[in-house]
């Protein structure tokens, strides 16, 4: 049977369409989760802001106002870190779904190219072994390059995420330390 028969082409198009619909669905699910996160964050921020304003309006002296500001600042930093963590979880989950599909497609295409090279080799004229070996070598080199690039990209993402997490934790500690210092100073 011909490698490029109309039935094979239609089958490949159907498979591609299913993949596209699946990826679109996963992207939409990620978008929905992001919208939910943003709505929850806005609701809680509005509630906290209203409560903070009400408390600020009842303050009697500047020292009490400073203490209130410090008290209200700490949850803001914690909420920002929590938001960031949840945002990264959503992004990572969505990316993982895309990676699964990409990896499956890569493996399927790799097998298809290998079958094509083998079928051409079996049907090729005598003496074409060296040319097929060169093609196979190029394919193997491309596969190795792809896998190396994928591994390097994963490592870069991990390093960036770790660095960002470390910076976020350090920032939270600085905010807590400053709040404690200011609170002690306000009491004096």
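From the list 37, 23, 17, 53, which residue is part of a helix (DSSP H, G or I) and either farther than 24 Å from residue 98 by Cα or in contact with a strand residue (DSSP E or B) (Cβ under 8 Å, 6 or more places away or on another chain) (or both)?
53
Being surrounded by 10 or more Cβ atoms within 10 Å (Cβ to Cβ) and in a helix (DSSP H, G or I) is the filter here, so list the residues in the stretch 56-72 that pass it.
56, 63, 64, 65, 66, 67, 68, 69, 70, 71, 72, listed by residue number.
Looking at 130, 172, which is the one that is surrounded by fewer than 10 Cβ atoms within 10 Å (Cβ to Cβ), modelled with pLDDT under 80, out of contact with any strand residue (DSSP E or B) (no Cβ under 7 Å at 6 or more places or on another chain) and part of a helix (DSSP H, G or I)?
The unique qualifying residue is 130.
Quickly run through the stretch 94-113 and pick out the residues that are in contact with a helix residue (DSSP H, G or I) (Cβ under 7 Å, 6 or more places away or on another chain) and at pLDDT 85 or above.
Once the filter is applied, which keeps residues that are in contact with a helix residue (DSSP H, G or I) (Cβ under 7 Å, 6 or more places away or on another chain) and at pLDDT 85 or above, the stretch 94-113 yields 94, 97, 98, 101.
Give the stretch 3-53 a look and list any residue that's at pLDDT below 90 and touching a helix residue (DSSP H, G or I) at 6+ places or on another chain (Cβ under 8 Å), or say none.
3, 19, 22, 23
Out of all the residues in the stretch 134-169, which are under 30 Å from residue 122 (Cβ atoms) and surrounded by fewer than 12 Cβ atoms within 10 Å (Cβ to Cβ)?
134, 137, 138, 140, 141, 144, 145, 147
Select, from 88, 46, 81, the only residue that is in a helix (DSSP H, G or I), farther than 27 Å from residue 181 by Cβ, touching a residue at least 60 places away in the same chain (Cβ under 8 Å) and out of contact with any strand residue (DSSP E or B) (no Cβ under 8 Å at 6 or more places or on another chain).
It is 88.
So that you can scan it fast, the table gives a plain yes or no per residue for (1) farther than 30 Å from residue 9 by Cα; (2) touching a strand residue (DSSP E or B) at 6+ places or on another chain (Cβ under 6 Å); (3) modelled with pLDDT of 75 or more:
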| residue | (1), (2), (3) |
| --- | --- |
| 122 | no, no, no |
| 155 | yes, no, yes |
| 179 | yes, no, no |
| 184 | yes, no, no |
| 188 | yes, no, no |
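The values are calculated or read from the model by the stated rules, or taken from the named source; none is laboratory data. These figures come from a predicted structure and were not determined experimentally. Here Cβ is always computed from backbone atoms with ideal geometry, including for glycine, and neighbour counts include all displayed protein chains.
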